[in-house]
């Protein structure tokens with residue numbers, strides 16, 4: 001026993017023994033690392049929080065900050081500008097530091113002595129001048145656009161916010177980037193023990209990129225959408241200020257309705273409980289107005305899409321929608337929203353002889369729904385259209401209502417999916433109206449590319465306007481000498497709307513709408529720059545609904561009226577009628593917005 005204990009103690013006191021293969025791997029890896037560190041010009045990469053920076057990266061980053069301060073489609077609040085500048089700086093820093101590292105890796109000689117000093121000071125002078133001019137001009141161009149939009153001007157006190165947010169964003173991006181670099185180097189060194197260096201680097205980079213892709217596209221993206229859906233589904237149960245349960249039989253959620261009030265959703269309850277009354281309609285257009293029909297089915301109203309679409313048809317039949325002159329099947333935005341400026345103006349235009357139907361497909365706001373719900377909006381639009389269209393086309397042609405499609409923003413994506421479906425071929429609809437079509441709309445993009453020669457990308461003319469016409473705040477739908485067919489399609493868009501005019505190609509190619517004559521609401525000072533302009537347009541999108549109506553993604557009542565008048569073409573209606581009613585609707589809208597502001601909405 002004593003001998004055994006002695007041997008155990010001696011064994012514990014001796015250094016741990018390793019397998020020869022392990023020692024050899026570590027020796028090889030150590031010698032490789034020593035050779036790398038012994039190379040001329042080798043620098044150890046800085047730690048994650050180490051205050052060490054690339055001079056080339058800092059210079060190029062400063063230039064990217066200068067570019068990020070240039071105009072975009074929309075004015076920016078200081079926080080957004082800080083984000084834009086912080087990320088832009090890190091893009092420039094990364095390109096500069098990475099490019100210089102590759103330069104050294106390839107053993108290309110660096111400038112030395114006097115030549116190096118001359119080039120360095122010249123670049124610093126040029127970039128310093130550019131940055132100074134951009135800083136000086138930033139408040140100026142911001143206020144120029146704000147005056148055009150009718151917004152409150154900024155003052156120089158915005159700069160502390162811009163600088164603070166920019167520095168914080170840049171620091172976070174730098175820390176994340178260095179953490180990723182450390183992870184890549186760990187994988188390289190791990191494989192370097194057993195594999196040739198170049199093969200180890202290639203496999204490590206490929207493996208880490210695959211892992212990052214799976215992490216981002218799977219766990220992070222799905223987790224974000226799931227979390228957002230959970231948050232906004234709770235909000236869907238709340239109501240806008242002033243919303244009360246309807247008592248009319250011509251509204252979903254009211255008496256005799258098969259759709260429960262509580263299952264309509266936040267936007268659905270707002271839609272059916274609002275709109276012009278018979279008294280309002282008659283105060284403008286005289287006696288004989290009808291109460292407009294508004295049918296809506298929420299996401300909670302039935303378990304399946306087919307059941308919800310059938311329920312929507314049942315609501316339309318119950319309310320007598322197929323006896324009205326105009327029937328509109330609206331595709332909602334993400335949360336189930338139907339634009340009041342669009343639906344109200346249609347009801348005024350036709351003196352209430354209308355029926356408008358909507359179907360919710362998501363809880364998410366449009367900027368998230370644009371990424372998450374493209375398949376959902378396509379399926380919802382096609383299924384609801386098929387069920388309602390099948391019923392409509394069996395009715396006598398001389399007594400059934402005119403059938404139109406409508407969609408704002410992502411809703412227009414759904415309308416396009418119907419216009420390109422086979423269900424519409426044998427029995428065409430009477431027309432379609434789309435406003436603020438997002439950049440993912442295939443048909444819209446194709447029409448823009450195939451526009452008639454000489455027409456601008458921001459307001460294209462297609463085939464002399466025989467079927468499809470584009471318009472903006474200035475109504476240009478009446479084109480003398482052009483013949484418009486029986487089926488009319490209208491796109492209503494602003495040149496300053498980033499939801500329409502963002503495009504991924506803007507990161508590496510100048511958009512056509514910035515070439516030649518610009519839209520009247522786009523700054524003449526806006527210039528294109530690789531990477532930065534695409535990033536600016538991307539940042540503009542979430543704020544596109546926070547500008548005054550008539551700009552960005554905010555479409556006016558009078559503009560919607562002009563589009564509806566052109567699409568539905570009421571008998572005896574004139575351009576003067578459009579102008580007169582448009583003024584009334586815009587004034588009514590201002591009163592509504594003032595009331596909502598008082599209610600805290």
Query raised in the report: Looking at region 441-473, which of its residues are out of contact with any helix residue (DSSP H, G or I) (no Cβ under 6 Å at 6 or more places or on another chain) and assigned to a loop (DSSP other than H, G, I, E, B)?
Result: 450, 451, 452, 453, 454, 455, 456, 459, 461, 466, 467, 472
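Does residue 519 qualify as being in contact with a helix residue (DSSP H, G or I) (Cβ under 8 Å, 6 or more places away or on another chain), under 20 Å from residue 452 (Cα atoms) and either not in a helix (DSSP H, G or I) or not assigned by TED's automatic domain parsing to the domain that holds residue 472 (or both)?
Taking the combined requirement at face value, the residue satisfies it.
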Query raised in the report: Can residue 525 be described as at pLDDT below 90, out of contact with any strand residue (DSSP E or B) (no Cβ under 6 Å at 6 or more places or on another chain) and closer than 21 Å to residue 72 by Cα?
Result: yes
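Would you be able to say whether some residue in region 202-224 is touching a residue at least 60 places away in the same chain (Cβ under 8 Å) and under 31 Å from the mean Cα position of the chain (by Cα)? Before you say what the answer is, go through the steps one by one.
Within region 202-224, the first condition is being touching a residue at least 60 places away in the same chain (Cβ under 8 Å), and the residues that meet it are none.
There is no residue in region 202-224 that is touching a residue at least 60 places away in the same chain (Cβ under 8 Å) and under 31 Å from the mean Cα position of the chain (by Cα).
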Query raised in the report: Are there any pairs with C-beta distances below 7 angstrom linking a residue in region 584-597 that is in the same structural domain as residue 341 (by TED's automatic domain parsing) to a residue that is surrounded by 15 or more Cβ atoms within 10 Å (Cβ to Cβ) and modelled with pLDDT under 95, with the two at least 6 apart or on different chains, and if so which?
Result: 584/284
Requested in this report: Looking only at region 156-163, decide whether some residue is farther than 30 Å from residue 520 by Cα, exposed (fewer than 14 other Cβ atoms within 10 Å of the Cβ) and either in the same structural domain as residue 65 (by TED's automatic domain parsing) or more than 28 Å from the chain's Cα centre (by Cα) (or both).
Outcome: yes
Report task. Report yes if some residue within region 47-59 is out of contact with any strand residue (DSSP E or B) (no Cβ under 8 Å at 6 or more places or on another chain), under 26 Å from residue 511 (Cβ atoms), crowded, with 18+ Cβ neighbours inside 10 Å and at pLDDT 80 or above; otherwise report no. Result -> no
Query - Residue satisfying condition, being modelled with pLDDT of 50 or more, surrounded by fewer than 18 Cβ atoms within 10 Å (Cβ to Cβ) and under 18 Å from residue 532 (Cβ atoms), within set 92, 99 - result: 99
Report summary line: Counted residues in region 181-227 being at pLDDT below 75 and closer than 30 Å to residue 300 by Cα come to 10
Report task. Specify the residue that is farthest from residue 550 (Cα to Cα); the eligible residues are those in region 491-516 that are part of a helix (DSSP H, G or I) and more than 19 Å from the chain's Cα centre (by Cα). Result -> 512
Query - residue 139 assigned by TED's automatic domain parsing to the domain that holds residue 86, at pLDDT 85 or above, exposed (fewer than 13 other Cβ atoms within 10 Å of the Cβ) and part of a helix (DSSP H, G or I) - result: no
**Report entry** Selected residue (criterion: nearest to the chain's Cα centre (by Cα)) from residues of region 271-289 that are farther than 13 Å from residue 348 by Cβ and in contact (Cβ under 8 Å) with a residue 60 or more places away in the chain
**Finding:** 271
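May I ask you to say which residue of 92, 57, 86, 166 is in contact with a helix residue (DSSP H, G or I) (Cβ under 6 Å, 6 or more places away or on another chain), more than 29 Å from residue 544 (Cβ to Cβ) and in a helix (DSSP H, G or I)?
Of 92, 57, 86, 166, the one residue that is in contact with a helix residue (DSSP H, G or I) (Cβ under 6 Å, 6 or more places away or on another chain), more than 29 Å from residue 544 (Cβ to Cβ) and in a helix (DSSP H, G or I) is 57.
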Query raised in the report: Tally time: how many residues in region 423-440 are outside any loop (DSSP other than H, G, I, E, B), closer than 19 Å to residue 386 by Cβ and touching a helix residue (DSSP H, G or I) at 6+ places or on another chain (Cβ under 6 Å)?
Result: 3
Query raised in the report: If you check residue 426 against the conditions, is it in the same structural domain as residue 405 (by TED's automatic domain parsing) and out of contact with any strand residue (DSSP E or B) (no Cβ under 9 Å at 6 or more places or on another chain)?
Result: yes
Query - Selected residue (only one of 472, 481, 454, 465 is touching a residue at least 24 places away in the same chain (Cβ under 8 Å) and either under 24 Å from residue 533 (Cβ atoms) or assigned by TED's automatic domain parsing to the domain that holds residue 580 (or both)) - result: 472
Requested in this report: Within region 541-555, work out how many residues are surrounded by fewer than 24 Cβ atoms within 10 Å (Cβ to Cβ) and on the phi > 0 side of the Ramachandran plot.
Outcome: 1
Requested in this report: Looking for whichever is farther than 30 Å from residue 82 by Cα and outside any helix (DSSP H, G or I) here; the options are 190, 199, 154, 195. Which one fits?
Outcome: 195
Query raised in the report: Which pairs do you get when a residue that is on the phi > 0 side of the Ramachandran plot and without any contact (Cβ under 8 Å) to a residue 24 or more places away in the chain, found in region 375-388, comes within reach of a residue that is in a helix (DSSP H, G or I) and buried (at least 18 other Cβ atoms within 10 Å of the Cβ), reach meaning Cβ atoms under 9 angstrom, with the pair 6+ apart or on two chains?
Result: none
Report task. Would you be able to tell me the number of residues in region 179-201 that are more than 22 Å from residue 46 (Cα to Cα) and surrounded by fewer than 17 Cβ atoms within 10 Å (Cβ to Cβ)? Result -> 5
Query - Of the criteria (1) crowded, with 24+ Cβ neighbours inside 10 Å; (2) under 30 Å from residue 288 (Cβ atoms); (3) touching a strand residue (DSSP E or B) at 6+ places or on another chain (Cβ under 9 Å), which one residue 392 fails - result: (1)
Report summary line: Residue hits (region 554-580; more than 22 Å from residue 402 (Cα to Cα) and more than 30 Å from the chain's Cα centre (by Cα)) are 576, 579, 580
Query raised in the report: If only one of 359, 338, 327 is more than 23 Å from residue 240 (Cβ to Cβ), touching a residue at least 40 places away in the same chain (Cβ under 8 Å) and either buried (at least 24 other Cβ atoms within 10 Å of the Cβ) or not assigned by TED's automatic domain parsing to the domain that holds residue 394 (or both), which one is it?
Result: 327
Report task. May I ask you to say which residue of 526, 554 is under 20 Å from residue 330 (Cβ atoms) and part of a loop (DSSP other than H, G, I, E, B)? Result -> 554
Query raised in the report: Can we say residue 320 is surrounded by fewer than 19 Cβ atoms within 10 Å (Cβ to Cβ), in the same structural domain as residue 405 (by TED's automatic domain parsing) and modelled with pLDDT under 95?
Result: no
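The values are calculated or read from the model by the stated rules, or taken from the named source; none is laboratory data. Remember, it's a predicted structure, so these values are computed and weren't measured experimentally. FYI the Cβ positions are ideal-geometry reconstructions off the backbone, even for glycines, and counts take in every protein chain you see.
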